[in-house]
Every structure is written in C-alpha cells, then in structure tokens.
There are 2 protein chains.
Amino acid sequence: MRTFAIVGHLARTDGTFPLEDLPGSAGRMDLLCRCVRASLFLSHGLRRDAECRLLLLGPPDPPRIIRFSGERVRSLSPDERSAGSLIRRALSIPAGDLFRESTPGVEVRRGTLQDMMEGGPWAVLDENGRDLRMVEDPGVCFLLSDHRDFTPEEEAMLPGIPRYSVGPRPLHADDTITVVQNELDRREGGWR
Amino acid sequence: MRTFAIVGHLARTDGTFPLEDLPGSAGRMDLLCRCVRASLFLSHGLRRDAECRLLLLGPPDPPRIIRFSGERVRSLSPDERSAGSLIRRALSIPAGDLFRESTPGVEVRRGTLQDMMEGGPWAVLDENGRDLRMVEDPGVCFLLSDHRDFTPEEEAMLPGIPRYSVGPRPLHADDTITVVQNELDRREGGWR
C-alpha cells in the first residue's frame with residue numbers, strides 16, 4: 001500500500017476551524033488537504049492502492065492522527081474544502097488510542113509520530129536526500145514535513161531512515177507527493 | 001519563460017462566483033486555481049521564470065484569458081481561495097482585446113484559444129503523447145485541458161503540435177504541471 005504521512009506542525013486539533021480560512025486559523029490545513037489530494041487522486045478516480053496519514057500537532061488538543069484510505073473513502077472531492085470538511089468531522093468525534101472511523105474511509109486517533117509510522121519500511125522525503133530516480137527500491141511508505149522542517153525531537157525519532165529527494169528545487173509537500181506517485185506509476189507501468 | 005496554459009471549459013466568466021463553491025457554481029475553478037499554484041510555486045517562494053494562462057469558457061460572457069506572471073504577481077498564496085479571489089477580481093473589470101492588469105501580475109482580456117497561444121512553440125500535455133522524459137527538447141510552453149478533453153473545434157486549432165505524456169496513469173492537470181515543472185527543474189539542475 002502506497003502510504004504518505006505528513007506532519008502538520010500547526011494544524012488545528014479541534015473540529016471548529018472555518019473552511020474559509022484553512023491556511024490561517026486552521027494552521028496551514030490547506031497544505032494538508034492538498035497532500036490528501038495528491039496522495040489519493042487520479043484524473044478520474046481514486047488511487048485504491050494508496051493511503052494518506054496526517055499528524056496534527058496544533059492547538060487545542062494535540063496530537064491527532066487522521067488516516068484517509070483511498071480504497072474506502074467516500075464523498076471526497078479534489079478541492080481543499082472537501083478534504084478540510086472530512087478532517088473537521090474526524091476532529092469532532094472523541095479520539096482514543098485506537099483508530100475510529102468518522103466518515104467512510106477516514107479514521108482518527110490520538111497518537112504520536114511513532115504511532116503514525118506503524119508499518120513501513122519508511123523513507124523520508126527531504127530535499128537533501130538521494131535522488132529518488134536513482135534508488136533501486138525506494139519502497140512505498142514516505143514521510144514528509146509540512147512547510148516547517150522536522151523538529152530536533154522528531155529527527156531523533158527517525159534514525160537510519162533513508163532520505164530521498166525528488167529534484168534540485170525545494171517543492172511543497174503536496175507537489176513532492178505528486179512527483180513520487182508519478183515515479184512509482186512509471187516503475188509499475190514499465191516506463192522507467 | 002515556462003508557460004502553462006489551461007483550457008477551462010466550464011469556468012465562470014463573471015466575478016461573482018462564491019469562493020466557497022469553486023468546484024460547483026464556479027465551473028471547476030478549483031482545478032484552475034490549483035494549476036496556477038502548480039505553475040508558479042516553489043516551497044518558499046514563487047517561480048519568477050514561469051507564467052500561467054487560463055482560458056475561461058463558461059457562462060455568462062466567454063471567452064476570457066487570465067494571465068498570472070510569477071515574476072510580478074503579489075498577494076498570491078498557494079491555497080485555492082487565494083488564486084480564486086484574484087481570478088474573481090480579474091473578471092470584475094471590463095475586458096477588451098488587449099491584456100489589462102487587474103491586480104499586480106494578473107491580467108485579463110477577451111480572447112480565444114488561439115489568442116492564449118501567443119508565443120511558443122507549444123506542446124500539448126496529453127496522456128496519449130510521447131513520454132516527456134524521452135524528449136530531447138520539450139520546450140517550455142505547455143497546453144492542457146481541464147477535466148474535459150479538448151473539443152473537436154479546439155483540436156482543429158492544434159495541428160502538428162507535439163504531444164507529451166508524463167506517465168502511464170492519467171493525472172489531473174495540476175499534477176501534470178507539477179511533474180513537468182519537476183522534469184524541467186531536473187534538466188536545468190543537471191539531475192537528468
């Protein structure tokens with residue numbers, strides 16, 4: 001299962017943020033919404049072999065993990081408000097230490113970076129990493145940070161994890177996901 | 001100048017559409033807003049060497065061309081509403097046969113597909129085209145359609161233009177732009 005996991009350092013953790021202000025009062029939730037889109041959408045349908053996980057670390061009640069399943073999600077459109085609305089609903093139900101479904105294919109739990117990285121093996125997408133195209137087997141599980149770098153505490157939880165870069169210019173997390181999806185599509189389709 | 005030109009077959013041509021409903025009543029304006037973002041944004045800044053042109057063909061007063069200059073645009077954030085708001089302002093000024101600036105770096109005129117394709121040489125991004133990675137010199141000007149195919153009338157205006165594909169699975173127009181930008185970045189940066 002292709003898995004993209006994004007750390008949202010400022011992203012709100014209650015379900016009351018306005019969909020009209022995803023970048024501001026919701027804590028750059030716009031970027032996370034676009035990451036969901038880049039992880040799960042093809043031109044005319046969803047990537048059933050993909051999931052997207054978000055770690056929300058903003059106020060008032062962090063940390064929260066939200067998991068979108070490309071196989072099971074319903075009522076998700078590619079626009080930012082659509083993902084934002086499903087995130088808001090996920091944040092409005094009580095969260096425990098196990099995933100609980102808030103809407104079809106969207107689950108939420110209380111959890112840390114380590115909890116989000118269940119499964120794997122993981123690679124970090126990092127502009128200082130090795131060129132992804134040159135990596136023989138990059139795997140299918142990728143961790144990214146939002147517009148901020150990983151904190152020293154987060155870095156300490158990522159020892160020995162390989163780091164890959166998609167190109168010479170720094171891209172938004174959602175663009176990075178798009179480029180990785182395309183590279184994996186090419187390899188699967190024999191276009192390499 | 002890297003140039004991405006997108007045909008929005010349903011996109012509204014007045015400045016009154018609600019920013020809360022870019023996919024619906026604005027005629028898939030969400031997709032065009034994301035194309036602006038994919039054309040112009042790096043992680044922490046704008047691509048000064050890029051522009052994005054939109055051809056809006058929806059009601060009530062088509063056709064309109066809107067041009068975003070990465071070099072001159074101001075007050076543009078990566079979220080959909082931000083581009084949508086600048087598009088709305090562009091559509092609220094009178095449009096003639098020459099470009100007129102509505103906000104810094106955003107211009108609008110009345111014009112057709114042919115008018116939008118001033119400059120070039122152009123290539124069409126098309127899932128049935130040649131593999132872009134295999135093309136020695138793909139140029140820097142790319143034409144795309146929105147979620148609909150080009151109409152027969154539009155196709156008739158594109159004779160002999162080369163067609164390139166970015167991969168084996170059909171992508172949204174904005175994702176296609178992201179992959180092309182990455183390919184051009186890699187070539188410029190010697191990462192090929």
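For peptide A:176-184, what's the mean number of Cβ atoms from other chains within 10 Å of each residue's Cβ?
On the way: counts 3, 2, 11, 9, 0, 6, 11, 3, 2.
Mean partner-chain Cβ count within 10 Å for A:176-184: 5.
Less than 5 angstrom separates the built amide H of B:Thr3 from those of B:Glu51, B:Cys141, B:Phe142, all sequence-distant by 5 or more or on a different chain. In the assembly of identical copies, A:Ala156 has its label point, taken 7 Å from Cα in the direction of the beta carbon, separated from the corresponding points by 6.9 nm (ascending, one decimal).
Using mean Cβ contacts within 10 Å as the protection proxy, how do B:60-67, A:62-69, A:123-130 order, highest first?
Working: B:60-67: 19.2, A:62-69: 22.4, A:123-130: 17.1.
By packing density, highest mean first, the sequence is A:62-69, B:60-67, A:123-130.
Treating only the Cβ of Lys, Arg, Asp and Glu as charged (+1, +1, -1, -1), what charge dipole size does the protein assembly as shown show about its Cα centre? Round to the nearest 20 debye.
On the way: 52 positive and 60 negative charges, 50 e Å.
Taking the Cα centre of the protein assembly as shown as origin, the dipole is about 240 debye.
Peptide packing for B:152-159, B:21-28 was compared via the average number of neighbouring C-beta atoms within 10 Å per residue; ordered from the highest value, the list is B:21-28, B:152-159. Annotation for B:Asn128, label-to-label distances across the other copies: 4.7 nm (shortest first, one decimal, point 7 Å from Cα along Cα→Cβ). Between copies, how far apart are the A:Gly139 label points? List them in nm, one decimal, shortest first, with each point 7 Å from Cα toward Cβ, please? Ordered by distance, the counterparts are at 4.2 nm.
The string of couplings for segment B:137-151 from the Karplus curve (6.51, -1.76, 1.60, θ = phi - 60°) is 10, x, x, 10, 10, 10, 10, 9, 9, 6, 6, 9, 5, 4, 6 Hz, one whole number per residue in order, with x for Gly and Pro.
Once you average over the residues of A:133-139, how many Cβ atoms of partner chains fall within 10 Å of each Cβ? Don't skip to the end; give the middle numbers.
Working: counts 4, 1, 0, 0, 0, 0, 0.
Counting other chains' Cβ atoms within 10 Å and averaging over A:133-139 gives 1.
If you take the square roots of the eigenvalues of the alpha-carbon gyration tensor of segment B:27-136 and sort them as a ≥ b ≥ c, do you get rounded (a/c under 1.5), prolate (a/b over b/c) or oblate? Oblate. Give me the distance between the Cα centres of segment A:1-40 and segment B:51-124, rounded to whole Å. Between the Cα centres of segment A:1-40 and segment B:51-124 lies a distance of 28 Å.
Relative contact order of chain B: 23 percent, from C-alpha pairs under 8 Å at least 6 residues apart in sequence. Counting only other chain Cβ atoms within 10 Å of each residue's Cβ, the peptide B:20-26 averages 2.
Taken together, the values in this text are just the output of simple stated rules run on the coordinates, not laboratory data. Computed from a predicted structure; not experimentally measured. Every residue, glycine among them, receives a Cβ derived from its backbone with ideal geometry; neighbour counts consider all protein chains shown.
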